[in-house]
1. Filter segment 317-346 down to residues that are loosely packed, with under 15 Cβ neighbours inside 10 Å, closer than 23 Å to residue 305 by Cα and more than 32 Å from the chain's Cα centre (by Cα), then give me how many there are.
2. Return yes or no: is residue 466 in contact with a Cys (Cβ under 7 Å, 6 or more places away or on another chain) and free of Cβ contacts under 8 Å to residues at least 60 places away in the same chain?
3. Quickly run through segment 33-81 and pick out the residues that are basic (Lys, Arg) and surrounded by 15 or more Cβ atoms within 10 Å (Cβ to Cβ).
4. Can residue 117 be described as outside any strand (DSSP E or B), buried (at least 16 other Cβ atoms within 10 Å of the Cβ) and in contact (Cβ under 8 Å) with a residue 12 or more places away in the chain?
5. Conditions: (1) within 30 Å of residue 475 (Cα to Cα); (2) modelled with pLDDT under 95. Residue 623 meets all but one. Number of the miss?
6. Is it the case that segment 160-178 has a residue that's of a type outside the set (S, T, N, Q), farther than 19 Å from residue 487 by Cα and more than 17 Å from the chain's Cα centre (by Cα)?
7. Considering (1) modelled with pLDDT of 95 or more; (2) aliphatic (A, V, I, L, M); (3) surrounded by fewer than 21 Cβ atoms within 10 Å (Cβ to Cβ), say which one residue 200 fails and leave the rest.
Amino acid sequence: MIQNNKLNIFFKFFLIISTTILTFSSVFSEKIELNDLDYLKLNISNEIQFLTTIEKSHSISKFEVNSHFFPKSYNGSQYLNSFESSNPNYKIINQNSTYYINFDYKNNLQKTNTIYNNFIIESTTNKPQIEKKINYPLDINSYNKSLKIYLEFSDLVDTNTQIKNKASELATGEDDLFIIATKIANYITNDITYDLKTVLANPNQKSSDVFISKQGVCKEITNLYASMLRSLGIPVRFVTGYSYTTSQELVEFVGSNWGGHVWAEVLIGNTWVPFDLTYNQYGYVDSTHIITDKSSFIRTSGITLDALSYGIKITPNSLTLKNEFNVIDKKEKLFDNGFKISLDGPTELGFESFGYVKINIQNTKPYYQNLFLKFAKPSEVEYLNQNDNIHVFKPNEKKEIYFKYKIPKLDENYLYTFPFLIYNDFIQENYSVKVSQSLDKIEKLELPNEKQTNKYFTNNNLQYSCDYKLNSQNIDLLCSIKNPNNHNLNNLELCLETNCKKLNLTINEKKELTYQTEQTNITLLSKYNSKSEKLKLSFNYPKLIITQKTNYQQLILNSEISNFLKGLKLKVTIDNKIIFDDIISKFQEFDINLNPGKQNIEIELYHNNIEFDTFKTELEIQKTPPIEKLKIFITNLFK
């Protein structure tokens, strides 16, 4: 009996081990794909073709073909060795940092027009090295105009309350820009399913549509990523190009392992850092990512025609672009993956026990790195972790990461050995645990020194921007209020005199408020989180500029209104007698006859009950001599 029992134990042990290893071997492949290489040298053949109908009586003033397939050199990732074209009538054009090839067909247009282009490029893994923490929130006001375009929204890269709220939720308490960019990328990767069917069903989903449908392709997923980061005031640009894939579905759809692709670059400090959510490449992209454009929004057209002619017709659907990629040289990745790893945890457990595998990891590089880790286990074991397989490592940082599990109740006649595997594209670490009824049962999961992430909440004052305009009765005060903190502000109260309004602001959110007032000396009071701020509002209200000239009893007043607004009135009072009270223009002249003696003159600039400025003076008026009266009479006569 004992011998047979031992044989059964050994057989079951062998069966479990062999089955599990078979499963793991399908997960971790030793085959090297192009995406695993640090360096590629490519020969790219590019063919452009279009057909035309040319009538006998025709004229061509202009006929140009613009090809946006131009993989120019980009520092740190791509170098164009050479470019040759079968059409010699071309020029390279740089328009707003977007490069394209312009072919001139004015003098050589045919019925069938084919352009053969050839590019030889070198491409390397693009992994910018962020060596120090970039604090969030960012000071957007310091950005120049060329950077602010990467914060804008468009028809497809849109935003709404749901997108803002989710982005704010993910960024709350985080003050490290690299971590925020990674957290949002990981959220989208886990939440949105890459689905080619969306290209056929709805090829132009907006970010808000993708957020709801939970499906999209690379450009739509990247649109949503840009929308979420831009809603937080983080600049993002789009990279358009090509990449290599081993996905059979994509190869069948595109007809090649190389297909058009879109990914993002996030501005971290002064460095644009790539994030490709489709490939799970956060902080870098591999050498198969070939760049043709970098811009604030995705460029949709690969080829455009620009013509001014008559008697010429383009055959519908004849304009085509074909590319063929051939590898002529390659180099594998360096052996050093940048991480030092060891495993620890309980090695013996009873049935229905809780267990863990502790991974001790150190980033051996002096710059930020992201690390994807996956956990393979026997099917009998229950996995207890949340979907948190991406980990951000600061320069040279050490971390302890735990994979948690629960052992089921098994046959008490057997001793089991359960293997576990921690792995990614370049790491494979094995760990095993003995399990039997006779071993200690751990009924509660107690992790040694598991560190909790501390959140850091900024305490910046609100950012205000106020202006005004006149309405029919009073002043409309127009204020924008922005939350520059890394957490939401709820139940914020803003008061102008006794007029109070309540609102909530997500991270980086800006809202517009309108107040009415009859005062020109105004204080805006805000209250939130047991904090209050007073803002004295000072505007460039309309002002009087008065020049005066007296000639005995004749007074000439010239008024100029700075910061002029339509609807302003001017009241001129002399010795308490109103001599003018009406709407004025920016420049106004008054010719007034006065009585001799002291005269008190008051000029008031106002709108309804709102007084903007006043001018007061006292003049000693002398009686006009007879000879001066005669001169004035003659002068007026000739006028």
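1. Residues that pass the stated criteria total 4.
2. Details: in contact with a Cys (Cβ under 7 Å, 6 or more places away or on another chain): yes; free of Cβ contacts under 8 Å to residues at least 60 places away in the same chain: no.
No.
3. First, the residues of segment 33-81 that are basic (Lys, Arg): 41, 56, 62, 72.
Across segment 33-81, the qualifying residues are 41, 72.
4. Numbers: outside any strand (DSSP E or B): no; buried (at least 16 other Cβ atoms within 10 Å of the Cβ): yes; in contact (Cβ under 8 Å) with a residue 12 or more places away in the chain: yes.
No; evaluated as a whole, the condition is false for this residue.
5. Only one criterion in (1) within 30 Å of residue 475 (Cα to Cα); (2) modelled with pLDDT under 95 is unmet by residue 623, namely (1).
6. no
7. Result: residue 200 passes all but (1).
Yes/no matrix, rows are residues, columns are (1) within 16 Å of residue 389 (Cβ to Cβ); (2) free of Cβ contacts under 8 Å to residues at least 12 places away in the same chain; (3) outside the structural domain of residue 209 (by TED's automatic domain parsing); (4) surrounded by 18 or more Cβ atoms within 10 Å (Cβ to Cβ):
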{"residue": "158", "(1), (2), (3), (4)": "no, no, no, no"}
{"residue": "166", "(1), (2), (3), (4)": "no, no, no, yes"}
{"residue": "171", "(1), (2), (3), (4)": "no, no, no, yes"}
{"residue": "177", "(1), (2), (3), (4)": "no, no, no, yes"}
{"residue": "180", "(1), (2), (3), (4)": "no, no, no, yes"}
{"residue": "188", "(1), (2), (3), (4)": "yes, no, no, yes"}
{"residue": "191", "(1), (2), (3), (4)": "yes, no, no, no"}
{"residue": "194", "(1), (2), (3), (4)": "no, no, no, no"}
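The values are calculated or read from the model by the stated rules, or taken from the named source; none is laboratory data. Computed from a prediction, not measured in an experiment: that's the story for all the values here. Cβ sites come from the backbone with ideal geometry, for glycine too, and all protein chains shown count toward neighbours.
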